[in-house]
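Contents: one structure, followed by commentary.
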Amino acid sequence: MSTLSRAAKAQESLRDKKRELYREAILDAAERVFGEEGYEATKVQRIAAEAGVSLTTLYGVLESKWEIYRAVHRRRLSEVMRLTQGILEADMSSLEILIAGTRTQLAFFMERRDFTKMQLKEVTAWSTIELLRSPEQVEALGVGLDLVASLLRNCIDDGYLIDDDPQLMARMMIATQQVRLAMWMERGCKEDPERVADAALRHLLRSYCKAGQLTSALEVAGLGAEP
């Protein structure tokens, strides 16, 4: 390879790295602004200002507000799906996977507060696919509901949970988590995230466990026996 070719490749690599840095800065800023303003009220100019880039640079990376919005969702939802898939593939009982998955999902949203504010700003039910805005949200929720329903079915078949409609149980579980996260945010995120997850799991297990399985399920979740 000639010296000129190597120099050209180095410049191209540098441009790609710079573009990726701009992209991450824009997406981080967009999460904050969408969370504060909502999609409709958000101005691209403010996203650019928050990201510390010019409008020309922003549009060179992502061509519209809609593309920015979708890119934010692609980044975060692919992240949570990777975390979820890792838990589903773990060598654990169905009940242990349900408990670990619930903790992981809640931790994800409590750690990424700007993204969570952005979701709550939509004022839609996370458990209702038809009300979601972007294709990324629709796909992620559809896949997520199916995964949770399948896991709940496994827990039912293994004798841990009451025999009910797993799809209904999954939607109620997600809706309850949305309300819990919204209240946590409204109260200034002051409660320890571990305590929030404990409360969510206690409610989940009390709602769905068979009577003879509740005490042991709470112990598996690290919550102790029922008083």
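The values are calculated or read from the model by the stated rules, or taken from the named source; none is laboratory data. For clarity, every value in this text was computed on a predicted model and none was experimentally measured. Because the Cβ atoms are built from the backbone with ideal geometry, glycine has one as well, and the counts that use them run over all protein chains shown.
Regarding the range 31-42, can at least one residue be identified that is within 30 Å of ASP198 (Cβ to Cβ), among the small types (Gly, Ala, Ser) and not assigned by TED's automatic domain parsing to the domain that holds ARG133?
The answer is yes, given that some residue of the range 31-42 is within 30 Å of ASP198 (Cβ to Cβ), among the small types (Gly, Ala, Ser) and not assigned by TED's automatic domain parsing to the domain that holds ARG133.
Let me spell it out: the conditions are (1) touching a Leu at 6+ places or on another chain (Cβ under 9 Å); (2) β-branched (Val, Ile, Thr); (3) closer than 28 Å to LEU223 by Cα, and ILE47 meets all of them except one. Which number is the exception?
(3)
Here are ASP158, ASP164: which of them is in contact (Cβ under 8 Å) with a residue 60 or more places away in the chain and farther than 23 Å from MET118 by Cβ?
The match here is ASP158.
Which condition number does TRP126 fail, the rest of (1) surrounded by 16 or more Cβ atoms within 10 Å (Cβ to Cβ); (2) part of a helix (DSSP H, G or I) being met?
(2)
What number of residues in the range 208-227 are assigned to a helix (DSSP H, G or I) and either touching a residue at least 24 places away in the same chain (Cβ under 8 Å) or among the β-branched types (Val, Ile, Thr) (or both)?
So the first thing to find is which residues in the range 208-227 are assigned to a helix (DSSP H, G or I), and the list is 208, 211-220.
Add one more test, that the residue is either touching a residue at least 24 places away in the same chain (Cβ under 8 Å) or among the β-branched types (Val, Ile, Thr) (or both), and what stays is 208, 213, 215, 217, 220.
Matching residues across the range 208-227 total 5.
Take GLY159 and decide whether it is in the same structural domain as MET81 (by TED's automatic domain parsing), within 22 Å of ILE87 (Cβ to Cβ) and not in a helix (DSSP H, G or I).
On the way: in the same structural domain as MET81 (by TED's automatic domain parsing): yes; within 22 Å of ILE87 (Cβ to Cβ): yes; not in a helix (DSSP H, G or I): yes.
It is true that GLY159 is in the same structural domain as MET81 (by TED's automatic domain parsing), within 22 Å of ILE87 (Cβ to Cβ) and not in a helix (DSSP H, G or I).
Which ones in the range 11-30 are of a type in the set (D, E, K, R) and either outside the structural domain of GLN45 (by TED's automatic domain parsing) or at pLDDT 90 or above (or both)?
Those that are of a type in the set (D, E, K, R) and either outside the structural domain of GLN45 (by TED's automatic domain parsing) or at pLDDT 90 or above (or both): GLU20, ARG23, GLU24, ASP28.
Identify, from the list ALA182, ALA170, ALA200, the residue that is in contact with a Lys or Arg (Cβ under 6 Å, 6 or more places away or on another chain) and assigned to a helix (DSSP H, G or I).
None of the others qualify; the one that does is ALA200.
Regarding the range 201-218, can at least one residue be identified that is of a type in the set (D, E, K, R) and touching a helix residue (DSSP H, G or I) at 6+ places or on another chain (Cβ under 6 Å)?
No: the range 201-218 contains no residue that is of a type in the set (D, E, K, R) and touching a helix residue (DSSP H, G or I) at 6+ places or on another chain (Cβ under 6 Å).
Of the conditions (1) within 16 Å of the chain's Cα centre (by Cα); (2) of a type in the set (A, V, I, L, M); (3) at pLDDT below 95, ALA90 satisfies every one except a single condition; which number is it?
(1)
For the structure I just gave you, tell me whether LEU141 is under 19 Å from the mean Cα position of the chain (by Cα) and within 18 Å of SER94 (Cα to Cα).
no
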